[in-house]
1. Would you mention how many residues in region 61-87 are surrounded by fewer than 12 Cβ atoms within 10 Å (Cβ to Cβ) and either in a loop (DSSP other than H, G, I, E, B) or in contact with a Lys or Arg (Cβ under 6 Å, 6 or more places away or on another chain) (or both)?
2. For the condition in contact with a helix residue (DSSP H, G or I) (Cβ under 9 Å, 6 or more places away or on another chain) and free of Cβ contacts under 8 Å to residues at least 40 places away in the same chain, what is the one hit in Met65, Met28?
3. Among the residues of region 108-156, what is the count of those that are without any contact (Cβ under 8 Å) to a residue 60 or more places away in the chain, in a strand (DSSP E or B) and either in contact with a Gly (Cβ under 6 Å, 6 or more places away or on another chain) or surrounded by fewer than 16 Cβ atoms within 10 Å (Cβ to Cβ) (or both)?
4. Identify, from the list Thr151, Thr98, Thr143, Thr126, the residue that is of a type in the set (Ser, Thr, Tyr) and more than 30 Å from Gly41 (Cβ to Cβ).
5. Test Thr37 against the stated conditions and say whether it is farther than 30 Å from Leu125 by Cβ, part of a helix (DSSP H, G or I) and polar (S, T, N, Q).
Amino acid sequence: MIENIKKNEAGFSLLGVIAAFFIITVGMVGVLGLANTTIKGSSLSKMRLIASGLAQEGIEVVRNMRADTDWTEWHTAVSNGDYIAQYNSSNLVSFFETPLKFNSISGLYQYDSGNNSPFYRKVSLTKVSNNEAKIVVEIKWQTKGQWHYLTVEDRLWDWR
């Protein structure tokens, strides 16, 4: 009778252990893939948030230049073209492909000082009519060999 009990109480088979290991492995690969995708998505979201702030800053710089002078004077002084614009300058400088620098002390992006950031900003100005100007700001950056772009457009009018 003791011999019959031992034969019926057999342990796990090798096939059962392999199947369980396979199921656990597939589950872990799925979880790790999801974690990797989440990390990439959060990194891209962070970069887009910074890019949107830089684009808005470009619009605001041109808007402030226009607000500080009479429309006719400003509209006559500027010409259609691509420019770089910086928060602490009232001048538009002809565009050249150079990255914005990040100053880790002040936490600001600028062209003057700091370490090169992955962001490039181009401010395009187009005179639509004597009473209207179009501003387009393009921010581009590269992560892991892939270029990303964010474009913002605004219009300025002779409102005075």
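1. Within region 61-87, residues that are surrounded by fewer than 12 Cβ atoms within 10 Å (Cβ to Cβ) and either in a loop (DSSP other than H, G, I, E, B) or in contact with a Lys or Arg (Cβ under 6 Å, 6 or more places away or on another chain) (or both) number 4.
2. Sole residue among the options that is in contact with a helix residue (DSSP H, G or I) (Cβ under 9 Å, 6 or more places away or on another chain) and free of Cβ contacts under 8 Å to residues at least 40 places away in the same chain: Met65.
3. So the count comes out to 14.
4. Exactly one of Thr151, Thr98, Thr143, Thr126 is of a type in the set (Ser, Thr, Tyr) and more than 30 Å from Gly41 (Cβ to Cβ), namely Thr126.
5. It is true that Thr37 is farther than 30 Å from Leu125 by Cβ, part of a helix (DSSP H, G or I) and polar (S, T, N, Q).
Condition check ((1) within 18 Å of Glu138 (Cβ to Cβ); (2) modelled with pLDDT under 90) across all residues:
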site: Lys7; (1), (2): no, yes
site: Leu14; (1), (2): no, yes
site: Leu54; (1), (2): yes, no
site: Ala67; (1), (2): no, yes
site: Trp74; (1), (2): no, yes
site: Tyr87; (1), (2): yes, yes
site: Val93; (1), (2): yes, yes
site: Tyr109; (1), (2): yes, no
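The values are calculated or read from the model by the stated rules, or taken from the named source; none is laboratory data. Here the structure is a predicted model, which is why all the values come from computation and not from measurement. Using ideal geometry, Cβ is built from the backbone for each residue, glycine included, and neighbour counts are taken over all protein chains shown.
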